[in-house]
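Reviewing the structure listed below.
The values are calculated or read from the model by the stated rules, or taken from the named source; none is laboratory data. Because the structure is predicted, anything quoted here is derived from the model rather than measured. Here the Cβ positions follow ideal geometry from the backbone for every residue, glycine too, while neighbour counts run over all protein chains shown. Surface accessibility is based on the protein's heavy atoms, side chains included, excluding ligands, DNA and RNA. Shrake-Rupley method; radii C 1.70, N 1.55, O 1.52, S 1.80 Å.
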Amino acid sequence: MAGLPISEREACQGMHSGLTMSRGNTRHRLFLQLAVAGLLLAPAGAWSQDKQVFGYLEKVMVSQAGVTLQAKLDTGADTSSLHAENIKRFRRAGERFVRFQVRDEEGELITLERHLARVARIRRHDGDYQRRPVVEMSVCIGAVKRRVEINLIDRSGLDFPFLLGRSAMEGAVVIDPERTFTSEPSCEQKGMDE
């Protein structure tokens, strides 16, 4: 800011020097104040550009089986993670698959099979790495349906069976951290696995 004329430098520093501003700088400051006020007062939809607003905890539906689970929407995690039991990798006709079980809201075990997309190396909170099978599945939150990669892991020690990461929400979801369970999954079950 050293190369700026004194009046512009004062404007950039919040005008705490006590010197009188020129008429042009007063207009410039008023314009900036109005612009900032407009951004702060803009309705939430103006920021979201057709993105739906959800709470940080929501119900989601996965797979055509209609498995509904409680999920934590987590922008701090890039990938999504699903609590799965009895995870078994196998080959069928030369292709790699994973068979696993998930518990629905009533606690009933539901067996699912998916192609193994890849094996991810995930860094844990303690700094160690863990290898996890990754599958592609459709996830429905509210009316938003996305096909996402999900790593399978035992999350029984955690509060929520499903963690929806930011890569799954990108471009479609905005999180309001003050809200929870704002909507039920409303996607059509038929075609969820396509």
Count charges around residue 171 for me, please; just the other residues with Cβ under 12 Å from its Cβ, Lys/Arg as +1, Asp/Glu as -1. +1
Starting at the first residue of the stretch 135-151, write each ³J(HN,Hα) from the Karplus equation 6.51 cos²θ - 1.76 cosθ + 1.60 with θ = phi - 60°, in whole Hz, x for Gly and Pro. 10, 9, 9, 7, 10, 10, 10, x, 9, 8, 10, 10, 8, 9, 7, 10, 8
With every protein chain left in place, what is the accessible area per residue of the stretch 68-194 in square angstrom, probe 1.4 Å? 58 Å²
Rounded to a whole %, the carbon-and-sulfur portion of the accessible area of the stretch 40-194 at a 1.4 Å probe is 44 percent
XL table 59/88; 88/190; 88/145; 51/72; 59/145; Cα-Cα > 22 Å flagged, in table order, is 59/88; 88/190; 88/145
May I ask for the percentage of alpha-carbon pairs in the stretch 69-194 that lie more than 22 Å from each other? 36 percent
